[in-house]
Amino acid sequence: MHYFFAHSFAIFLLSGCCTTTYTRDINKGLIQNSEIISTAVDKSFRYEGESTPPFHSSTPYNSLQMTDKDLLKAYQNALHHGAKHVRVKVPGKEEALYGVLALDKADKDGVGPGTQSYKVVVPKPYIDAAKKENISVVYEYYKLKNDSFIDVSDIKERSCILWISDKSVFK
């Protein structure tokens, strides 16, 4: 019986300490390559260069909850939580790619540059991989500061996520 209570208490403790609902806005943004321009499908914003983020979404994506492989299909959840459909003009492609952009708030316990500013980087191999209806995803992450209960140094919180494809696959 003592084992049951000890086990239940451990699960309770671990279930709440890895992510919090306490967040803060990130008020700066940078798309690293000046040739990359992200435009909302509904024409509500154009995001390029160094600028104020046009919106904030609210989905916490951390590596404990979701692996990089699982992140490929997470755009539906992101859309449900405020991410936006975009068209992304990239170098070397005549037609803009289709995409979903999530600009999530930072965890209050987050540390590092990713908690102060979004940085969108889309390397050429990720652009090349987004063909024949394949989805490619790039993201920025930051770490959490450890608390006295658990070591969270291996958990990556994702703040800026961009899913891209050459076809309109994001429903």
Would you mind pulling out the separation of the Cα centroids of the range 20-86 and the range 88-103, in Å?
13 Å
For the range 158-171, Karplus couplings with θ = phi - 60° (6.51, -1.76, 1.60), whole Hz, Gly/Pro x
9, 9, 10, 10, 10, 9, 9, 7, 7, 10, 7, 9, 8, 9
Can you list the HN-Hα couplings for the range 80-87, worked out from phi with the Karplus curve (6.51, -1.76, 1.60; θ = phi - 60°), rounded to whole Hz and with x for Gly and Pro?
5, 10, x, 5, 10, 6, 9, 10
Table column - 3J(HN,Hα) (Hz), the range 27-33, Karplus curve with 6.51, -1.76, 1.60, x for Gly and Pro:
9, 10, x, 8, 9, 4, 8
In degrees, nearest 10, the alpha-carbon axis of helix 2-17 is tilted away from the dominant principal axis of the alpha carbons of the chain by 30 degrees
Net charge, Ile37 excluded, C-beta distance under 10 Å - Lys, Arg +1, Asp, Glu -1
+1
Sorted by chain and number, the residues with a modelled amide H under 5 Å from that of Asn134, at a separation of 5 or more or across chains, are Asp166
Quick check on packing: order 81-92, 64-75 by the mean number of other C-beta atoms within 10 Å, highest mean leading.
81-92, 64-75
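Can you tell me the order of 103-116, 156-169, 30-43 when each peptide is scored by its average per-residue count of other Cβ atoms within 10 angstrom, highest first? Intermediate results must be reported in sequence, preceding the final value.
On the way: 103-116: 19.1, 156-169: 21.9, 30-43: 15.1.
Final packing ranking: 156-169, 103-116, 30-43.
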Could I get the Rg over Rh figure for the chain? Both from C-alpha atoms, Rh via Kirkwood, rounded to two places.
1.04
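Please give the calculated 222 nm ellipticity per residue for the chain, where each DSSP H segment of at least 4 residues contributes -39500 (n - 2.57) and the sum is spread over every residue; nearest 500 deg cm²/dmol? Before the final figure, lay out the partial values.
Working: 4 runs with 32 residues, N = 171.
That comes out to -5000 deg cm²/dmol.
All of the numbers you see were taken from the coordinates with simple rules; none came from a lab. It should be emphasised that the depicted structure is a prediction, and the values quoted were computed from it without experimental measurement. We place every Cβ from the backbone using ideal geometry, glycine too, and count neighbours over all the protein chains shown.
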